[in-house]
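Notes for the one structure printed next.
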Number of protein chains: 2
Amino acid sequence: MSRNRSVILAARPRGQPAPGDFRVVSTPRPTIADGEFLLRNHYISLDAGFRNWMNEGSGDSVLPAMALGAPVMGLTLGEVVESRHADYVPGNLVMARLAWQEYSVANGHDFISRLPDQPPCPLSYYLGVLGDTGLSAYFGLTEIAQPRAGETVLISAAGGAVGSIAGQIAKRFGAHTVGIAGGPEKCARLVSELGYTAAVDHRLGSEFAAALRKACPNGIDVYFDNVGGALLEVVLNQINAGARIVLCGAVASYGAQQPLPGPSNLFQLVTKQATMHGFLTHTRVDRYDAARATLVEWIERGEIVPIEYRLDGIDNVGRAFCDLFAGRNFGKTVVKLTDR
Amino acid sequence: MSRNRSVILAARPRGQPAPGDFRVVSTPRPTIADGEFLLRNHYISLDAGFRNWMNEGSGDSVLPAMALGAPVMGLTLGEVVESRHADYVPGNLVMARLAWQEYSVANGHDFISRLPDQPPCPLSYYLGVLGDTGLSAYFGLTEIAQPRAGETVLISAAGGAVGSIAGQIAKRFGAHTVGIAGGPEKCARLVSELGYTAAVDHRLGSEFAAALRKACPNGIDVYFDNVGGALLEVVLNQINAGARIVLCGAVASYGAQQPLPGPSNLFQLVTKQATMHGFLTHTRVDRYDAARATLVEWIERGEIVPIEYRLDGIDNVGRAFCDLFAGRNFGKTVVKLTDR
């Protein structure tokens, strides 16, 4: 009898998730009822935001807290292999908010978006550069920050799933891009692989402010903030008149988990006549297709290079998730489950 | 020989200014040299922002810290009574950043703006509703917040120089206006004199959040923040999707004096897709005349009623300034020095 392997929540993480919080279990492959279809998952996307739903009592009416012992909820990219649903046939590719499993049963209401049956680029791009994270970078820069040539665009978590795309898009606009990341190795990769003008290591502690000033000699015109928290206070002291600060969706996720003290210098927004914009990507779903088409064009021209941190196999999904929090990833973190 | 009375900085205030920090001295009336003119000051404007320059080591290249024993710098409205300056003749009315004095010498470079010789409204309006504070309310609402009919506009320091005008402008837009002030008496005046839909007393402490929710049953669409600090955190938890938070110039002034911890829930900006705008009024100087004409029209129609907290005579200038910090003022605080 065919089996299905799933990653279950073995323990609720305390602070950062640890490998022992997750366990792979094998169960019979599920069968489908009328109106359902079976997905074989090619990729699992690892996204820090899902950490929140691992807490007891977290979640809301739309997304309840994850249950202990149940498969971990996440973002999946799968292919229909069996269908008793009128709208889906084997071969269809879908992204869904399902679980960390090899096979999942879906009914079309699982926050699904459909991919073309013959995608113009590697499948995993739909979880990264063409997914929520890449689209966050795209909309945050093209619709909100709108950097001008010669401006300085600072990006936190600059090598992450959002930041790695945001940095390249900002560069396309002719901006000086400065990335913040943890550790000298990542900082070097920001410049060599992602084309950042300069990189600043947030682990510098008390020397961070001076290093930032050196990296941004003309001040900061745009801050694309993917992390929230303490860096914002330092950044606010170095913004230029008319600066735009973009708070990306990810901040909300972290924030919900453990609120951090806010910056004590918000008055800088006044003296610099700056604006701070919070935004969510999913409210722009009507522009996803157009945005993806543009991003594919930029990728084909080599102006945007998607970077992935990829592990293989269901046994590595928990580890990939932990790597994300330990800062071991660079680019979009995915786990590949099949040969496709 | 003619005399001139001035208010000098007798002591640097610790925290809130006290009457003993100021002293009236009498000196000979100054004489003017070529290129100068003598102003008789009709009004002194009291503005909290000037408190910062009373601190030792405060100030910058444009505005140095005030000197101990010297006349206190402030905003004045005076009439030219003698002139050896080509552009000014007796009878001209000017606003200037000069000192708390009956007579001041000016040379036209003292941050001066000229008033019409026959103003269409009481002189003191140029320090309030038609001055920096009224214009801050005007630009903050008409250019930044742009409230729509039926939206809820929350205003802090709602009975102050900026807030008292902002509340009335927002009401003109058809918004539900909710004011925050200190104490039941002021809260009552917000509703009875300024037309606020509701008022909330910030002295309620731990009950403030619940009182705010009751006063804003449909959530908050616009927050016009004149004070900065702790209230913002409570407000952020009650904003609606697409909310606009306007940080008015005054916040910068207070902030420079004693930075307050920032809100720990800035992620609310993300989940609500809200924006926070810092702004300064003086960068819009090219629109002052048009804005004043509009405000005068609204005043003449009775849609905006300027409220003043007015004391009389140079002896009361220090007290008026202290009243501002003790929250004894309602409306724009001015001291009238002459019969004009």
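Summary of computed values
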| read-out | value |
| --- | --- |
| FRET E, pair A:SER192, B:ARG3, Förster distance 56 Å, beta-carbon r, rounded to 0.05 | 0.15 |
| Label distances, nm, B:GLY59 versus same residue in remaining copies, Cβ-directed 7 Å point | 6.3 |
| Using a 7 Å Cα-to-Cβ projection, B:HIS282 label spacings across copies, nm, ascending | 4.6 |
| Alpha-carbon centroids, the range B:171-200 and the range A:155-188: separation in whole Å | 47 Å |
| Fluctuation leader among B:PHE22, B:PHE111, B:PHE279 - chain B, Gaussian network, Cα springs under 10 angstrom | B:PHE111 |
| Heavy-atom accessible area ranking, 1.4 Å probe, most first, across A:THR152, B:THR142 | B:THR142, A:THR152 |
| GluC sites (Glu not before Pro) within the range B:268-336, DSSP loop, no more than 16 other Cβ atoms inside 10 Å | B:GLU303 |
| D_trans [Stokes-Einstein, Kirkwood Rh over alpha-carbon pairs] for the range A:1-49, 20 °C, 1.002 mPa s, µm² s⁻¹ | 160 µm²/s |
| Normalised contact order of chain A, rounded percent, pairs of Cα under 8 Å and 6 or more residues apart | 19 percent |
| Chain pair B, A: total accessible area buried, heavy atoms, 1.4 Å probe, Å² | 2100 Å² |
| 222 nm mean residue ellipticity, helices alone, for the protein assembly as shown (DSSP H n ≥ 4; -39,500 (n - 2.57); rounded to 500) | -7000 deg cm²/dmol |
| Computed over the range B:43-177, Cα set: Rg, Dmax in Å | 17.7, 55 |
| Built amide H within the under 5 Å cut-off of A:TYR103, gap 5+ | A:ARG5, A:ASN41 |
| Diffusion constant of the range B:116-237 at 4 °C, which comes from Stokes-Einstein with the Kirkwood Cα-pair radius and 1.567 mPa s, µm²/s | 89 µm²/s |
| Directionally averaged shadow of chain A, computed from the convex hull of its alpha-carbon atoms, nm² | 17.2 nm² |
| Mean Cα-pair separation over length for the range B:128-257, i.e. relative contact order, pairs under 8 Å, 6 or more apart, % | 24 percent |
| Restricting the range B:1-93 to trypsin sites (Lys or Arg not before Pro) in coil, as DSSP defines it, with at most 15 other Cβ within 10 Å | B:ARG14, B:ARG84 |
| Solvent-accessible surface ranking, highest first, for B:HIS282, B:HIS42 at 1.4 angstrom | B:HIS282, B:HIS42 |
| Heavy-atom SASA rank of B:LEU266, A:LEU68 (probe 1.4 Å, accessible area, largest first) | A:LEU68, B:LEU266 |
| Whether the range A:6-88 is rounded, prolate or oblate, judged on the alpha carbon gyration tensor where a/c under 1.5 counts as rounded | prolate |
| Enclosed volume per residue, in Å³, of the convex hull spanned by Cα atoms of the protein assembly as shown | 174 Å³ |
| 13 Å reach of a label modelled at A:GLU303, 7 Å along Cα-to-Cβ, counting backbone N of the range A:129-159 | A:142, A:149 |
| Stokes-Einstein D for the range A:184-306, Kirkwood Rh over Cα pairs, 25 °C, 0.890 mPa s (µm²/s) | 149 µm²/s |
| Accessible solvent surface per residue of chain A, calculated while the other protein chains remain in place, 1.4 angstrom probe, Å² | 40 Å² |
| Three-way shape call for the range B:174-255 based on the alpha-carbon gyration tensor, with the a/c threshold at 1.5 | rounded |
| Mean separation of Cα contacts under 8 Å (6+ apart) over length of the range A:23-160, as relative contact order % | 23 percent |
| Alpha-carbon centroids, the range A:280-340 and the range A:7-24: separation in whole Å | 22 Å |
| Charge sum, other residues only, whose C-beta stays under 14 Å from A:SER2's C-beta, Lys/Arg counted +1 and Asp/Glu -1 | +2 |
| The range B:71-144: radius of gyration over Cα atoms, expressed as a fraction of 2.2 N^0.38 Å | 1.19 |
| For B:ASN237, net neighbour charge (Lys/Arg +1, Asp/Glu -1) across residues whose Cβ lies under 11 Å away | +1 |
| Neighbourhood charge, 11 Å Cβ-Cβ cut-off, centred on A:TYR138 and excluding it, Lys, Arg +1 and Asp, Glu -1 | +2 |
| Accessible-area composition of the range A:1-109, carbon plus sulfur, in percent [1.4 Å probe] | 50 percent |
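The values are calculated or read from the model by the stated rules, or taken from the named source; none is laboratory data. Remember, predicted model here, so these are calculated numbers, not experimental data. Every residue, glycine as well, gets a Cβ built from its backbone with ideal geometry; the counts of neighbours run over all protein chains shown. These area figures cover heavy atoms from the full protein model, side chains too; ligands, DNA and RNA do not enter into them. Shrake-Rupley method; radii C 1.70, N 1.55, O 1.52, S 1.80 Å.
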